[in-house]
């Protein structure tokens, strides 16, 4: 029994189609995994932002008892905290980066100003909150790095061939990196803080 050329062509076409479908599914599943890794990494950052958000009012309240003349520094932290909260709730990564910069600058300024208040520095609540917030800042930086790595991996994959074809056809979009403003990265002017 001789196999007709049409059967051979259809068999080859079916085999190629099957391989392409399997390859498409593998790429798609890999992109879904990357998307969920970004979501998970963001959730890890968000948990720490929420914890810090909850600690800041306690810090401001403790400082208010001692820092009668530093109203502007305390208000800057309260306003920045509100901006971070709004950006976090909206998952607006760009706005969060700007608000985080303001909050970090405000906290740095507050901790520098606390040097002028020996009673405040000696206060156990202040020491605990300062330590807790500093620890959270370090954890946020670590998780931000992991988040940005996850975003970078996803963004690269959805731009690489042949993944780009699957990503575009299935609506995968690039994610935003969590970046802080340039002034956050600049050297701190210590003279200005103690002037």
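Listed by first and then second residue, the pairs linking a residue in the stretch 119-138 that is exposed (fewer than 15 other Cβ atoms within 10 Å of the Cβ) to a residue that is not in a helix (DSSP H, G or I), with Cβ atoms under 6 Å apart and 6 or more places separating them unless they lie on different chains, are 119/66. Residue 28 falls short on exactly one of the conditions (1) more than 30 Å from residue 155 (Cβ to Cβ); (2) surrounded by fewer than 17 Cβ atoms within 10 Å (Cβ to Cβ); (3) touching a residue at least 40 places away in the same chain (Cβ under 8 Å), and that condition is (1). Screening the candidates 88, 81 for the property of being more than 30 Å from residue 120 (Cα to Cα), under 30 Å from the mean Cα position of the chain (by Cα) and surrounded by 12 or more Cβ atoms within 10 Å (Cβ to Cβ) yields one hit, 88.
Look through the stretch 41-62, keep the residues that are more than 17 Å from residue 137 (Cβ to Cβ) and in contact (Cβ under 8 Å) with a residue 24 or more places away in the chain, and return whichever of them is farthest from the chain's Cα centre (by Cα).
62
Of the helices (runs of 4 or more DSSP H) contained entirely in the stretch 91-190, those carrying at least 3 residues that are out of contact with any helix residue (DSSP H, G or I) (no Cβ under 8 Å at 6 or more places or on another chain) and within 16 Å of residue 31 (Cα to Cα) fall at 124-157, 163-170.
Read-outs: derived from the displayed coordinates by stated rules, not from any lab. Everything quoted here is computed from the prediction, not taken from an experiment. Ideal geometry is used to build each Cβ from the backbone, glycine not excepted, and the neighbour counts take in all protein chains shown.
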